[in-house]
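Let me begin by presenting the structure, written as C-alpha cells, before commenting on it.
The values are calculated or read from the model by the stated rules, or taken from the named source; none is laboratory data. Owing to the predicted nature of the structure, the values given are computational and were not obtained by experimental measurement. We place every Cβ from the backbone using ideal geometry, glycine too, and count neighbours over all the protein chains shown.
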Amino acid sequence: MSVQKADVVIVGGGIMGASSAFFLRKRGLSVILLERGLIGQQASGVNFGNTRRMGRPIEELPLSNRSREIWLKFRELFGDDAELLLNGHLRLGFKPEHEERMVRYAQDAQSFGLGMQMMSGKALRERYPYLAPEVMSGCLAPYDGHANPRLAAPAIGRAAVREGAQVFENTEIVSVEKEGEEFRVTAADGRVFRAPAALITAGAWGDRISASFGEPVPMIVKGPQMAVTEPVPYAIGPTIGGIADTFEQTVYFRQVARGNIVIGGGGHELPDMVNRRAYVNPRRTLMTLGNAPRVVPALANLSIIRVWSGIEGYMKDSRAAMGPSGRVRGLYYAFGFSGEGFQLGPGVGDVMAELIATGATSTPIAHMDIGRFARAEAVA
Amino acid sequence: MGQPRVIIVGAGPAGVRCAETLVAAGLRPTVVDENRRDGGQIYRRQPDNFTRPYAKLYGTEAAGAQALHESFDALCGKSGGKIDYLPETLAWNIADGELHVTHNQRTRSLPYDALVICSGATDRLMPVKGWHYAGTYSLGASQIALKSQACAIGRQIVFMGTGPLLYLVASQYVKAGARVAAVLDTSPFMRRVAALPKLLARPAVLRNGLALVMGLKRAGVPVLTGITPIEIKGSPETGVQGVVIRDNRGNERSFECDAVAMGYHLRPETQLADLARCAFRFDHETRQWLPETGEDGRTSVPGVYLAGDGMRVLGADGAEIGGRLAALAVLKDFKCPVSDDELFALRARQAGMERFRRGLVQAFPWPAQQAAQLPDEAIVCRCEAITAGELRRTVCDKGAQEANRAKALCRVGMGRCQGRYCGNAGAEVIAHAAGVPLEQVGRLRGQAPVKPLPIAVSEEK
C-alpha cells in the first residue's frame, strides 16, 4: 500500500482546495490535493460565474476584496485565462422598498471601495436601453464582473501542479482520521495520505468530514438551475440581477465574451447525492424563462440551448465554515459557501494558506468560525 | 389500474407501427412528432400541395412508404381518430414521469405511464478540413431537401462518406436530374465482400443496394471506394468549390463541385433516452455509446422503451418491427393480453435484420483513423468553431481526457447542436490525443432542451 506524505493534505479539489494548494506552495509548504472527480467539477464548475462583491454581507467584504485582487492578477498568477469580464454588476429594483434596500447597502458598504452608484429608472434606461420599463431603480458596482467557472478552478489546479502540489484526481476518500500528530486520509482504493495539517474543502460533502471530527454543521445541498442562450452580439455589459421577493422570481444573467447569455434563478432543486448528479427541473427552467424578459424584454427573442445544475452546500445561516477546527489541532475547514463561493475562491485559498503557514490571518474570518454552531447549540 | 397512458415520440416507421399495435389492443396513445407530417425521415411525406407520385419519391421503398402512410392516416381518421397526434411538437425534456413538449411557443407537460422513444437516427459525421463552408450538408439533410421541397443542395454535388445512405441519396439525386460529380466511399470494396455472408441475411435489400451502385455507374457517375478525404476546397465567400481525396491507389484527386453531402452511416438520436436517465453502454462494434436495452426495447428505466433507429440502426422495416415489439412490451408490462405467436414471429424477423445490420457495420465502417489524421486547422465542432488543434491542446496541455471535461475547457460540443454532430468525432480526437481507449473518453451528458427552446414559450396549464 502506498503512503504519500506532505505538510498539508487538502480534501476536495474545487476552487477553494485548488487555490489553497497553490498558495500553500507559494509559501513553501508541500501539498497533497485529493479530489474525487476532476478539479473544479462540482459547485466550482457549474455555478453562475459571478465575481461580484456587491450584495455580500458587510463582514465578508474584506475577504471578497482580497479575492478580487487575486482575480485581477488571474492570468499572471495562474498562467491562464478565466474569461474575467469586469463590466460591472447591476442590481435592479422594481419597488420602492428595493431601492431603500440598495441605498442602505450602498451606505453600509461605503468604505469597501465598491464604487456603487444608485441610478434612477430613467438614468438606467438611458445607459442600458434594453432594460424594461418596470425597472424603478438600480445600483451599479462598476468594478465587479464575472468569469467562467468551467475554466477558473481547473486553471488554478494546473497552476498548483506547476508550483509542485501533488494533485490526485479520481481519488475517492473514505476516511480522514487523526493519528497522533498526523492526519491519515484513506482512499477507497487503499492509498493512504498523511500530513500534520488537513484542510477540508469538500464543498457539499464537507459536513460529513467535520461531523466525523465532532463538529456537525447545519448544511443542506441544493442544485442551482442555470440556462444559457445561443450566442448573440455583445450588448449587455454588466452582470444583472433583479431583486425579487421570492426565490422563484429571482433572475440574474450575464453575457459571456462568446455572446451567450447565461441565465440563473428560479430557485433550486435537490440533487441526487448517491449518483452525484444534479438535474434541472423543467418547471424551474420555465419560471426563469418567464422572469428574464421582465428585466430585459428583448430576451424573449432568443432561445436557450442548454440547461445545467450542480451540487452546492448551503449553511443554515448562509455563512461558510472557514478557519481552524475548534476541536482538532491541525485541522482546517473551508466549505459550505452557500452559493457565493466562486468570487471568494482565490481569496479563501490565500487566507487559508496564510493561516496554516503562519497561524493567523490578516483578513477577518471569525464570522465563519465553525465553532459558532456548537455555541448556538449550547445556548439552545 | 386503468388503461396506461402511453406517449410515443416520433411518427416514423417505429412510432407509427407502435401506435397501430397499441390502438389494436384498445389503447389511445399520444404521438408527439417534430415534423409537420408523419413518415419520419426515410418515409418523409411531402407537403400537402406537392403531388409527386410514390414511385418517384421513394423508388424501391414506395410500397413500404405508402403502406405506412395509409396506416397512419387510418389511425388519425377523418373525425376524432384513434390516437392523439401532436405534429410540429418538440419533446424538450423529461422529468418526474412527464414529457415536456413545445409547439408554436406554447409548452406543456404530458404525464405518461409508458414512454416509447422512436427518435430515429441522424448522420454520423466525420469532420474534414473545409467542411464548415456553406454547401456542406449531411446526407440526411440533402435527402430532406429533395423529398420535402424537391430541391437539390447544389448544381454539381459530391457525395462523400460511407454506408447505404450514401448510395441511396446519390441515386435519388441522379433520378431527380441533379448532376452528381462523384460518389466517394471511404470503405474499401473488400470489406463488402467480407461482409457478404451477413449481408445475405436480407438478399432483397442487398440486391436493391447493388442495383443502386450499378445505376450510378450506368449514369456515368464516378464511384470510388477505399478513398481518404483530404479537404473540401472553398472559401467563406464562395462556399464549397471542390473536394480533394486520396484514392485507393494513393493518388490525390480533385472533384469540382458546389455542394458536398456527407455521412458515415447513422447514429441513433439518444438525447431523450439520456434525459429519461436510461443507462448507456459502449458499443465496441460501432464505437459509440448507446442506451442499454433489454428485450423488445425495454430500457433500464421502467416505463421507458426504445424502438427503431433511435435504439439500433436496422433501417425502416426493422424500425416497423421494433415499434410493434415495443408496443407489445408495453402491453405485456401493463398486463394487457399479448399474442405470443406474434411476439415470437416479430423477434425472429428482427434477428435476421440484426445479422444484416452487423454486415453493414462491417462493410461500411466508421473511419475512426481519420479523426487521428485530421489536420490541426480542421474544425471539429462547427457550432463553436473549435479546431482539432485546439481540442488536442486541451487534451495534452490541460489534461482533459474525458468528453465532458474537454467540452468544459474548450467548448467542443457546447453549441446549439449539443455535440450531436461532432460528438463522435470529437471523442475519437480526444482518445487519440490522450492515448486512451475511446470507451474511456465517455460520452457527452445529455442536457435539455433537446433542441433550442424559445425564451418566449408560455406554459399551457
Matching option when the condition is in contact (Cβ under 8 Å) with a residue 60 or more places away in the chain, crowded, with 24+ Cβ neighbours inside 10 Å and not assigned by TED's automatic domain parsing to the domain that holds A:Pro133, among A:Gly55, A:Gly79, A:Gly14: A:Gly14
Count of segment B:1-50 residues which are in a loop (DSSP other than H, G, I, E, B) and either under 15 Å from the mean Cα position of the chain (by Cα) or not small (Gly, Ala, Ser) (or both): 28
Selection count where residues are facing another protein chain (nearest Cβ under 7 Å) and not in a loop (DSSP other than H, G, I, E, B), scope segment A:286-327: 12
Counted residues, segment A:222-257 - those being within 13 Å of chain B (Cβ to nearest Cβ) and small (Gly, Ala, Ser): 3
Matching residues, segment B:362-415, being within 13 Å of chain A (Cβ to nearest Cβ) and either in a strand (DSSP E or B) or within 30 Å of B:Val193 (Cβ to Cβ) (or both): B:Cys381, B:Ile386
Hits in segment B:69-127 - residues which are among the aliphatic types (A, V, I, L, M) and part of a loop (DSSP other than H, G, I, E, B): B:Ile83, B:Leu125, B:Met126
Single residue of A:Thr250, A:Thr239, A:Thr246, A:Thr288 found to be in the same structural domain as A:Glu134 (by TED's automatic domain parsing) and in contact with a helix residue (DSSP H, G or I) (Cβ under 8 Å, 6 or more places away or on another chain): A:Thr250
Qualifying positions in segment B:179-204 - crowded, with 20+ Cβ neighbours inside 10 Å, among the hydrophobic types (A, V, I, L, M, F, W, C) and either touching a Phe, Trp or Tyr at 6+ places or on another chain (Cβ under 8 Å) or over 19 Å from B:Gln362 (Cα atoms) (or both): B:Val180, B:Ala181, B:Ala182, B:Val183, B:Leu184, B:Leu199
Scope segment A:349-363; condition buried (at least 24 other Cβ atoms within 10 Å of the Cβ) and either in contact with a Leu (Cβ under 7 Å, 6 or more places away or on another chain) or part of a loop (DSSP other than H, G, I, E, B) (or both); matching residues: A:Val351, A:Met352, A:Ala353, A:Ile356
Listing of strands (runs of 3 or more DSSP E) fully contained in segment A:127-229 that carry 3 or more residues being in contact with a strand residue (DSSP E or B) (Cβ under 7 Å, 6 or more places away or on another chain) and buried (at least 21 other Cβ atoms within 10 Å of the Cβ): A:137-141, A:197-200, A:219-229
Qualifying residue in segment B:39-47 (condition: modelled with pLDDT under 95, out of contact with any helix residue (DSSP H, G or I) (no Cβ under 7 Å at 6 or more places or on another chain) and of a type in the set (S, T, N, Q)): no
Test: residue in segment B:250-272 that is in a helix (DSSP H, G or I) and touching a residue at least 12 places away in the same chain (Cβ under 8 Å): yes
Those residues of segment B:142-164 which are touching a residue at least 12 places away in the same chain (Cβ under 8 Å) and either assigned to a loop (DSSP other than H, G, I, E, B) or closer than 22 Å to B:Glu237 by Cβ (or both), in sequence order: B:Ala150, B:Ala152, B:Ile153, B:Gly154, B:Arg155, B:Gln156, B:Ile157, B:Val158, B:Gly163
Test: residue in segment A:66-75 that is under 30 Å from A:Val296 (Cβ atoms) and either assigned by TED's automatic domain parsing to the domain that holds A:Gly164 or touching an Asp or Glu at 6+ places or on another chain (Cβ under 7 Å) (or both): no
Pair list, Cβ < 7 Å and 6+ apart or interchain, from segment B:1-25 residues that are within 23 Å of B:Pro302 (Cβ to Cβ) to residues that are assigned to a loop (DSSP other than H, G, I, E, B) and polar (S, T, N, Q): B:Val9/B:Ser119; B:Gly10/B:Ser119
Pick from segment A:328-340, criterion under 18 Å from A:Ser20 (Cβ atoms) and assigned to a loop (DSSP other than H, G, I, E, B), ranking: nearest to the chain's Cα centre (by Cα): A:Glu340
Search result, residues across segment B:66-109 that are in contact (Cβ under 8 Å) with a residue 24 or more places away in the chain and of a type in the set (S, T, N, Q): B:Ser71, B:Thr89, B:Asn93, B:Thr102, B:Gln105, B:Thr107
Selection within segment A:15-53 - more than 11 Å from the chain's Cα centre (by Cα), more than 13 Å from chain B (Cβ to nearest Cβ) and part of a loop (DSSP other than H, G, I, E, B): A:Arg27, A:Gly28, A:Leu29, A:Ser30, A:Arg36, A:Arg53
Odd one out for A:Ala132, checked against (1) assigned by TED's automatic domain parsing to the domain that holds A:Glu35; (2) touching a residue at least 60 places away in the same chain (Cβ under 8 Å): (1)
Conditions (1) buried (at least 21 other Cβ atoms within 10 Å of the Cβ); (2) modelled with pLDDT of 95 or more; (3) more than 22 Å from B:Arg108 (Cα to Cα): number failed by B:Leu57: (2)
Filtered residues of segment B:232-247 (kept if buried (at least 16 other Cβ atoms within 10 Å of the Cβ) and either farther than 30 Å from B:Gly40 by Cβ or in contact with a helix residue (DSSP H, G or I) (Cβ under 8 Å, 6 or more places away or on another chain) (or both)): B:Lys233, B:Gly234, B:Gln241, B:Gly242, B:Val244, B:Ile245
